[in-house]
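Below: one structure, written as structure tokens.
The values are calculated or read from the model by the stated rules, or taken from the named source; none is laboratory data. Just so it is clear, the model here is predicted, and its values are computed rather than measured. Here the Cβ positions follow ideal geometry from the backbone for every residue, glycine too, while neighbour counts run over all protein chains shown. Accessible surface is based on the protein model in full, side chains and every heavy atom, while ligands, DNA and RNA are left aside. Shrake-Rupley method; radii C 1.70, N 1.55, O 1.52, S 1.80 Å.
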Amino acid sequence: MKKVLFLAVAVTALCAGSASAKDVAVDISKAGFVPAAITVQAGDIVTFTNKDTVNHQVVCAKCPFTSAVLKPGEGVAYTYVQAGKFTSVDPLNKNKKVTVTVKAVPAAVVNMTAKPATVSYGHSAVVAGTLSPAQVGQKLEIFAQPCGTNNAKSISTVVTTTGGAFAYQAQPSVGTSYHARYRSLGGVVTSSPVKLAVRPTVTLVRLARNKFGVNVVASQSFVGKAIAFQRYIAVKKRWSTVRTVTLGTKTTQATPVAGTTVSSNTFTAKLVRGLRVRAVLPPAQAAPCYLAASSKTIRS
């Protein structure tokens, strides 16, 4: 039975990627190494096996490594992690040579996008990307930094599929920045951050004649923030603010996500019947962690 001896490698890695390693076989015979020249990629393993009836040895001065004397049927495996050209000799067989050309792994690149880039509170978006060079089965960490926090935290690990693709379904409660991190042979590779913006859910209801209720649903309280109650002026084809309403009541609920806060108020406004009206949370009131939002249009 063939016996393979595995050597410890202590060579500084000069390649940047982390492709799946291949095992390349080289036979040692009376005629020499077969094949006598091979090309591999950094991180690949070359297994030298003595197929002769006498002892042989593998010596690579540049690597550097020297195998034990290999008896018939024995072998030695060496991982080439440094790009370059390496010649090994067999001092027990007239210094017959084998040349191993090691190509550097292309630098890993991680690209990522968020679709859609804006979601309503409680809704999800897909944060997806690709790892290049394309590799299947590689693990990447997804990090998230919600608005108002100082550091990004690891929230999930994803595995690449065909073409190096990966995806994560995100449900941010506030505007959040995401990035992916990949640990390659040459070090840590990080994607550029992508931002996922969130709009609070604004609801306007007619409670009675000239009486309305408004609430804003998000993960943070909007008590003290101002809502613009607007009517649509058809002849001018524009919205006009009827009055400003300050949100004054806060309650919590478990839907659409745990920790949801509902900021609300009721108010009156004298309007003729049938006008199109809406409630608007302006940008200055929604910032910094949310985008402006408006309710659906209802009739007065």
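Under 9 Å from the Cβ of R299, count the other residues' Cβ atoms, weight Lys and Arg +1, Asp and Glu -1, and hand me the total.
Taking every Cβ under 9 Å from that of R299, the sum is +3.
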Checklist entry - With θ set to phi - 60° and the Karplus curve 6.51 cos²θ - 1.76 cosθ + 1.60, what are the ³J(HN,Hα) couplings of the range 92-99 in order, to the nearest whole Hz, using x for Gly and Pro? => result 8, 9, 6, 6, 4, 10, 9, 10
Checklist entry - Taking 0.36 nm per residue of separation and subtracting the Cα-Cα distance, what length does fully extending I45 through N150 add? => result 33.5 nm
Next on the checklist: List the aspartates and glutamates whose Cα sits under 17 Å from the Cα of K30, skipping any in the same chain fewer than 8 residues away.
Outcome noted: D52, E74, D90
Next on the checklist: For the range 29-111, what are Rg and Dmax over the alpha carbons, in angstrom?
Outcome noted: 13.9, 53
Checklist entry - Okay, which of the range 67-96 sit inside 20 Å, backbone N to the point 7 Å along the Cα-Cβ direction of T53? => result 70-75, 92-94
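In Å², and per residue, what accessible area does the range 150-300 have when probed at 1.4 Å with the other protein chains present?
Using a 1.4 Å probe on heavy atoms only, each residue of the range 150-300 averages 53 Å².
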Item to check | Compactness of the chain - radius of gyration and Dmax, Cα, Å | outcome: 32.7, 106
Item to check | Order of exposure, largest accessible area first, which applies to K139, K22, K270 with probe 1.4 Å | outcome: K270, K139, K22
Checklist entry - What FRET efficiency, computed as 1/(1 + (r/R0)^6) with R0 = 41 Å and r the Cβ-Cβ distance, is obtained for S29 and V136, rounded to the nearest 0.05? => result 0.70
Checklist entry - When the chain is modelled as a GNM with alpha-carbon springs shorter than 10 Å, which of G175, G274, G32 fluctuates the most? => result G274
Checklist outcome for this item: Between the alpha carbon centres of the range 190-256 and the range 109-149 the gap in Å comes to 28
Item to check | the chain, helix-only ellipticity at 222 nm - DSSP H runs n ≥ 4, -39,500 (n - 2.57), divided by all residues, nearest 500 | outcome: 0 deg cm²/dmol
Next on the checklist: Under a crude label model (7 Å from the Cα following the beta-carbon direction), how far is T118 from L207 in nanometres?
Outcome noted: 3.0
